[in-house]
Structure formats: structure tokens, C-alpha cells
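Peer 1: My structure is below; once you've seen it, I'll send some questions.
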């Protein structure tokens, strides 16, 4: 047996080395170096002992009051959240404000883009308005990260916060869906259809939600398998979108090949099935996993929410394409021609597509980081995360430049 | 649920309160946090009492709720570094200092005490909880992973990292003398 690692010694100390226990013990008897290492470890860990058991103060009255407050619908200051009631109210206001202001962000993006085409001095304004239009998912992560500890979503304020965060996270995709449905159904409601959907979302948050699954572990395998299928296709699309920055002809050629492949009935069915599985299992996992302070989990959940909405719109795009809508056709042409500042409607596709790429990279990246933590040292994972963040940012910026009509080779 | 249900619930959990409080104390490292975690856990347990009726062991169920509440609490506390309590997490036995005369031994012991507290505060919430459950509570890695809803490998890695931090802190202390 070769020398034992520090981790082997820790497992042996805690008696967690299972079938290897006898072999490890035998090795420790015969190897002075490992034996010395084990003794040092044991001496250190033996020195860390728990506090003496103490008798807790009787706070039954306080617990009784907390429970009665909860039963009567009142919320005690501490239970309302560790961050305080005012902060919770502020976060709720922020997520709903992002939703309500989203159409203005698009208008500002389109106008500033037009001005920038005339004068380069407006380019920073385009960047600012783009950040505003893409703010939804980031505000959502910020919000769920600060929600009170309320796993069962028992409190109305928690549900208002989570629903607002969910809608804010998917706002670019939802806005596109609403405006397309508006056009297909010839409702001509304008912005009222958007505000109607937001109002509906706020009403849903007020009623008690059915309890979520106690464990979503059984969904994880199905979710990962379907994700694997989709990753192949999505990665192809992301690479192609980034390629558009380098060369438009190469982008167009690759897009034609990918479209021809994805229009094959068998492949199309596989993609639709994988998207459906992703949405259903992702919804169950994502709604359960968000919790205060768990930044990685929240990033994973919020990027998952956005990806679900993004993929749903992509699958439904066949339905939209079949509708003889001039506006939809104009948007599709603008996307195909990578000129998303052609109209305000086309500009709505800009944050939608950019966030789609970013959500995919975040979702896969955070999963990879969490998985890597089980096998690699924290410092190595941190270094890999920085490298991944750099590559991801480069990809998003490249795709963004291409979508703005900036290409190295036309 | 009515007032009678509250009283039945309180009498049921009363016999586990000491155990829960001490478990919370070992995980969070200070009395106020332990008290808050126990209260939050009992409140959560009451709200989800119907879910318990399908289970057999009240203490196991309460334990699971408490560990996850403590984890949430540590995560929230981490976002507010001003509230990281400097109170000691663990008593450090005299093992390190056993060979030294009394006054010096007490000084080393106090140093260890402080060092362990400080290093526990630098641990991530998951490192802290998994280490406390494995080291102080003697829970198996498999059990810890199930309670926290994480994989066995992930639980192991959190414990390894926690142990590395403890060793680094205490061995530095030892070599400094």
C-alpha cells in the first residue's frame, strides 16, 4: 500500500474508511511516516472538543407566542427574516419595479442604440440601458438571497417575493411571449397585456401554493440526462452566435446545417421532449432550492428559471412562425440578419438572447463548480471558476457584439 | 390548528429541547444563535406538523429541521460579518498543552480555544455544519449527507476542508511556541 493521504487519515480517524479500515490500520503499523501523520492529526482533532452540555433557559413562553403570532397571521420581527421587515419590503418592491419598468428599458435600449448609430458618444448609454434590460435575473438572485427563512412559503410576503423574483428573472422571455401572443391573437392591448400578466402573477402569489415535493432527488437524474441532450444543441447555438462576431458567412452556413439537423422529426422530438423534461423537473427542483444565503443554489435556480422560459419560447417559435404576422416576420428577419436595433420589437430579442447565453453558461458553470467541489480542493475549484467566468464573459460579450451588428468579417 | 394543538406540540417537543439546544449550540457556536435556531426550528416543525405524522421518530425529524435551520442561519450570519460572534465554538481540551506547567497550559489552552473559534468562523456554513455533526455529534458521513440533502462525496469534501483549516490553525499555534 502506498502512503496514505491526509483525507485517508481523516476518514480513518472518524472510522469512515469502510472496507479499507483494516488495511489502513495495518499500514499505519508498518509505516512510520503515515503513523506520524496520523498521530499529529489525532492529537489536533482530539484537542477540539464540544462545549459542555448546558441547560437551556426556558423560552416556552416565547415559542408559544411565536407560534400564536404565526397562527393569527401576525409576523414577529425576528421570524419575519433575519434581514428585517423593511429590507424585505424593499427587496419585494425592487423585483416588482423591475418587472413594471421592463418595457421602458426596452424603449430606452432601442432609442439609445439608434442614437449610438448616429453618434459614438451614446455607446455608454447603450451599455447602461442593456444592463437595465438584463437586470431581471440578477435582481432575482439578489432577492431570493435575502428572503426570510420560510421553506414552506407559508408567509404571503415570501410568496410575493419569490413570485416577483421568478417573473423578474424571466421578464425578457415573458415579455417576448406576451407581445407575440398579443400579436397572434390580435388583441391590440399594447402594454396593457404586459401589465395584465404582471397583475396576474401578483394575484397568484397571494394564494397559498401547494406544498412542494419533500425531496426532488428523484428528479435530478432525469433532469441531468435531458440536460445532457440539450447541452449539445445549446452549445452548438452558443458557438454559432459567437462565430457571428468573427464571420457572418461562417455563422450563416453553420446555422443552416443546425437548422436542417434540428428540423429532422426524430431530432426535433428529442429536443422538445428534453425541453419538456427540463421545464417540469427544473420547476420542481428550482422552486424548492432557493433559500436565503445559498448564492450558488440561487444562481443555479434563477438561471434555470430563465433557461426554462427561454427554451419554451424557442420550442413555441415554430408556432409563432406559422402565423402570418408582419411584426413577427420583421423580428425574425432582424434576428436572422443580426440587426436587432431594426425596430423596438426586434430590440426585445437582444436581452432575451443575451440572457439565454448567460443563463446557460451560469447554469452549467455553477453545476460544474458544485460537482468539482466534491473532487477537487477549494483553491483549485476557485481558480477554475475564475477561468470559467473569464471564458463565459468573453463568450457573452462576443455574442452581444454580433447581435449589435458588429462583425470582423461581413 | 387550535390552542390545544399548540400545547400538545409544546409538550411533545419539550423533552427534546435540551438536546436540540445543545446541538444548535455546537453548530452555531453561540448561545443567542442557538436559541434563535431552536425557536425557528420549532416554529417550522409546528407549521409542518402534518408532514411528521407520516414519520416515526420525532427526534430525527426535529433534528433534520434544526440542522437545516442552523445552516440557513449561518448563511444569513455570514452575509452580516458584524454579527459573527467571537464566542468560542468549542472547548479545547488540554491535550495540546498537557505537558506544560499549569499557568502556561492555561494560556495555551485559551489560545487554542480562541484559535478554534476563529477558524470555525472562517469556515463556510456547510463546512461548519458537516464538521460539527461529524466531529462533535459523531454522525456518519452518510447520515450527514442525507440530512443536508447533499452527496456523500460533497459531505466528505466539506469535512476534509474543515479539518484542514483546523489543523492549519492549531499546528500554526503549536509551531509558534
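Peer 1: Could you work out how far the C-alpha centroid of the range A:86-102 sits from that of the range B:6-76, in angstrom?
Peer 2: Between the Cα centre of the range A:86-102 and that of the range B:6-76, the gap is 32 Å.
Peer 1: If I take all pairs of Cα atoms in the range A:1-72, what percentage of them are more than 14 Å from each other? Kindly include the intermediate steps, with their values, before the conclusion.
Peer 2: Values: 1773 of 2556 pairs.
So the portion of pairs separated by more than 14 Å is 69 percent.
Peer 1: So how do A:179, A:193, A:30, A:202 line up by other beta-carbon neighbours within 10 Å, fewest first?
Peer 2: A:30, A:202, A:193, A:179
Peer 1: Would you mind putting A:347-353, A:194-200 in packing order, based on average other-beta-carbon counts within 10 Å, highest first?
Peer 2: So the order, starting with the most tightly packed, is A:347-353, A:194-200.
Peer 1: For a footprinting-style exposure proxy, rank A:17, A:58 by other Cβ within 10 Å, fewest first.
Peer 2: A:58, A:17
Peer 1: Where does each of B:74, A:307, A:185 land when they are ranked from fewest to most other beta-carbon atoms within 10 angstrom?
Peer 2: Fewest to most other Cβ atoms nearby, the residues stand as A:185, B:74, A:307.
Peer 1: Over the range A:1-57, what relative contact order in percent results from Cα pairs under 8 Å that are six or more residues apart?
Peer 2: Over the range A:1-57, the number comes to 33 percent.
Peer 1: Measure off 7 Å from each Cα along the Cα-to-Cβ vector at residue A:379 and residue B:49, then give the distance between these two points in nanometres to one decimal.
Peer 2: The two pseudo-label positions are separated by 5.2 nm.
Read-outs throughout are calculated quantities, based only on the coordinates presented, and are distinct from any laboratory measurement. Note that the structure is a prediction, hence the values are computed from the model and not measured. With ideal geometry, Cβ positions are generated from the backbone for all residues, glycine too; neighbour counts draw on all protein chains shown.
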